[in-house]
Structure formats: structure tokens, C-alpha cells
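Scroll down for the structure; my scribbles are underneath it.
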Amino acid sequence: MKKRLAMLLICAVTVSSLMACGKPVADSTNTDNNVVEAEKEAAEKESVSATAPEISFTSVTADDYDYFTGHVQCLQITDDDHPELKDAVEKYFSGLVKNFNSGIEEMNDQAKQENEDFGDAEYQVKYSDDITVEIMRRDNKLLSLVINDYTFMGGAHGGGSYTGVNFDVATGKQITLDDLGDADTIRQVSKDFILDTIATSSEAARGNLYSDDIVNYKEAIEELFANGNQPEFYLDTVGITFIFQQYDIAPYAAGTISFTVPYSQYAEINDRYTPLEDAPYVLKLSETGLNSRVDFNGDGKLESVSLINTWDEETDRNFVTLTVGAEEQKEESGNGSWYTGYFIHNDEGNFVLVANDGISVDLYEVSHGITKKGHMDTTLSIKEVTDSGFTMGEKTYGDNEIVWSNEQQYGFDFK
């Protein structure tokens, strides 16, 4: 077996050293000036950054192991206007790489032992650990990320764990609930909102959650928000999104479930991190069909929006149903088809983009009922949706991550 003693940390921590200075002679003028400068520096750090940070991605890959593969995707700040943020991001990802590095030998040895115990020379299992980054918000106030750590250690399938990371763009500080306001109040409001959202969702959607005498989603949510704790979260342009990991409130097949609590639901919240009023945004709808609740027109009233894939046992037919408020549109879908939805709020109104990757894309205007605005047949998959259009491409799976090619940009007129 080829071994490496250590992997290079390409996401290096910047280290600075300071020269020692002699003790100054006491001077009241200097002292006053120092206080003023310190206060000025503190005020500048507390101000909001003028611009969003520029970023790039790099990757650290584990090479030359017989029974292990893996990589860490790293994010870097590439401009010179956000020095505190640059240092904080470098430090965070260097920690990720260090932790990844420390577990390689053990996972490689465990996989080797499993292969020896199994004794099948033609079937060799490899363990893996792949860490990827998704940007959830990037503006002059916040850089919010979700880190997906997907591991495979034998068995029927691997599993992913998700971590929300939120950086203050001006200071580089990692934001906690305490930075948003009274943390206990935020937890209570968030928990109640999530439970109410589930309760108002369709029976078919609620059926994806644990609800028996052994495990019940209500008890699980209560426990996750108890004793000063909460699920992982990130801050997007809509609100605080809480992430429930696989098996937290639903079986593995339901995947990771998240709920976005709009900023408007909190009586008091630090407006340093909230977006501009009525700013455009995109919200991906729950793949389990649970409601998303959004303010369509800024009047403070929330409307429920959902998209759910179902199968009718009696007729043996598949359906996809879009629900907006009290209105519903149900269409038959092909066997094996899976539709995903994106709610879009922009200057033109409110829309839902419905995609069946590799087959079709439909656009609905939903400000007043549900009206189909466009349809497109396609062989491509959705890569990204923004408030002004979407990107599609050919999606393949490489050794460590999704690879996109033949990318094409579309506006909501599908041109």
C-alpha cells in the first residue's frame, strides 16, 4: 500500500508575527488619540461592508490510498477588500482539511480489514469522505455556506451531514443566534413556526416524517431545540433556514429536510444581517412536499407554497401537485419522474419554476392563483436558479463531485 504521511494544506492559515515594542512614556495626548483611533477602528469593523466578497474554489484530494478516496472543496476570498473575512475563511477551511487529514489512515485501515474479512478478491470496497461547499448567500452583509460531509464506510449507502456556516462579511465573525437577537426567543419562535408549517402541510407530505410510537417528529423537533441548542442553520435572503439531518425527523429515503423561518416572524432581530426590504430571492421548495411559507407582497401575510410527487396505489399512476395557498394544480407524471420546484420573487411578481431534470422545465406565475407561463423540453439538468433566470447543463458524476458541461443560460422567457 502506498502511504502519504500528510497531505498539503492548500487552504493555508495566514500567520502574522508582531515585533515587540518598548514600553511607551505615558502621554495623555497619545492616550486620547489612541482611544479615538480604537473607537474609530471598532466602528469601522461594525459597519457593513460596501461590497460582496469575491470568491474562488480549490480542492484538496487524498491520493495513493488503496482503500480510501476523498477530497475537501475549499473556498477562498480572492479580493483585498475583506481582510478579516479572508483570514476567517482560510482558518475555517484549514481546520476542515486538518480534520479530514487526521482520519484518512484509520478509514483506509478499516476498509482494508473489511476486505480481508470479506475475502472476495474480485470485490474490493473503498471507504470515502467527500466534503463540498454550497453558497447560500453572498452579499455585502453575509457569506453563508452549507458544508456537506458525505462519507461511505461500507453498507448499502453512505450518509451526509450538513453544517451551516455564516460569516459577517465586514468582520469575519462567525454568526451565532446570539448575534441575531435573544437566542432563546429565536429558538422558541423558530420551533413553533416549524411545527405549525408541518401541521398545515398536506397529509401526503406529513406521511414522509416519523409519526409512530417509537419515533415522532414532534418529539424530535422539541429535543433538537431544547437546552440552548438548535439544528444547524444558515441565513439566506428569506430568513433563518434550519437543517434537519438524515434520520432526525424522517427516514433516510426522505433525505435532509430544512425549513426557512422568514425574518418577519421575529419581533426583534438584528437588521445588520437582514436583506433590503422586498429584495428579490429564490427559495427551493421542499422535496418532501412540505409547505414553504413566504410573504408574496410585503404585507406581512404568509402564503403556503408546495410541490409534491405522489403515487396513487389504486391507479398505479404518478402525479406532481403544485399548491399555492388554496389553489392546486395536479398533473400526471411518468413513472420514475421526479419534479423539483423553486419559488422566485422578483420585480415582475412571484413565480414557481418546476423542473423534471433531463425532460422538461415549466414556469408558473403564482401572484394571483396559478397560471402557466412557459414550457420547455430539455435533456439538461438545473444547475442554478436566480431571481432573473436559470442555468442548465449536462450533469455527470466524477470521482469526487458533480461535473457540469454544456452549460446554458436562460431567462424566464426561456430564451
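Of the listed requirements (1) buried (at least 16 other Cβ atoms within 10 Å of the Cβ); (2) small (G, A, S); (3) more than 18 Å from F244 (Cα to Cα), G154 misses just one: (1). The set of residues in segment 163-178 being surrounded by fewer than 17 Cβ atoms within 10 Å (Cβ to Cβ) and under 26 Å from T256 (Cα atoms) consists of T163, Q174, T176, D178. Could you go through segment 124-136 and let me know if any residue there is surrounded by fewer than 18 Cβ atoms within 10 Å (Cβ to Cβ), β-branched (V, I, T), without any contact (Cβ under 8 Å) to a residue 60 or more places away in the chain and part of a loop (DSSP other than H, G, I, E, B). Within segment 124-136, one or more residues are surrounded by fewer than 18 Cβ atoms within 10 Å (Cβ to Cβ), β-branched (V, I, T), without any contact (Cβ under 8 Å) to a residue 60 or more places away in the chain and part of a loop (DSSP other than H, G, I, E, B). Filtered by the rule that a residue be in contact with a Leu (Cβ under 8 Å, 6 or more places away or on another chain) and under 18 Å from I135 (Cβ atoms), segment 66-107 gives V72, C74, L75, I77, L85, V89, F93.
What number of residues within segment 80-137 are more than 20 Å from Y65 (Cα to Cα) and either among the β-branched types (V, I, T) or touching a Pro at 6+ places or on another chain (Cβ under 7 Å) (or both)? Give the steps one after another, and end with the answer.
We begin by selecting, within segment 80-137, every residue more than 20 Å from Y65 (Cα to Cα); these are 80-95, 132-137.
From what's left, either among the β-branched types (V, I, T) or touching a Pro at 6+ places or on another chain (Cβ under 7 Å) (or both): 82, 85, 89, 132-133, 135.
Final tally of qualifying residues: 6.
For segment 89-96, the count of residues that are among the polar types (S, T, N, Q) and modelled with pLDDT under 95 is zero. How about segment 44-62: which of its residues are surrounded by 12 or more Cβ atoms within 10 Å (Cβ to Cβ), in a loop (DSSP other than H, G, I, E, B) and either over 21 Å from the mean Cα position of the chain (by Cα) or among the aromatic types (F, W, Y) (or both)? The answer is V48, S49. Within segment 63-87, the set of residues being in contact (Cβ under 8 Å) with a residue 60 or more places away in the chain and assigned to a loop (DSSP other than H, G, I, E, B) comprises D64, Y65, D66, Y67, H82. Among the residues that make up segment 219-235, is at least one of them more than 24 Å from R293 (Cβ to Cβ), assigned to a strand (DSSP E or B) and aromatic (F, W, Y)? Checked against the condition, which is being more than 24 Å from R293 (Cβ to Cβ), assigned to a strand (DSSP E or B) and aromatic (F, W, Y), segment 219-235 yields no hits at all.
The values are calculated or read from the model by the stated rules, or taken from the named source; none is laboratory data. Note that the structure is predicted; figures quoted are calculated from it, not measured. Cβ coordinates were reconstructed from backbone atoms using ideal geometry, including for glycine residues, and neighbour counts include every protein chain displayed.
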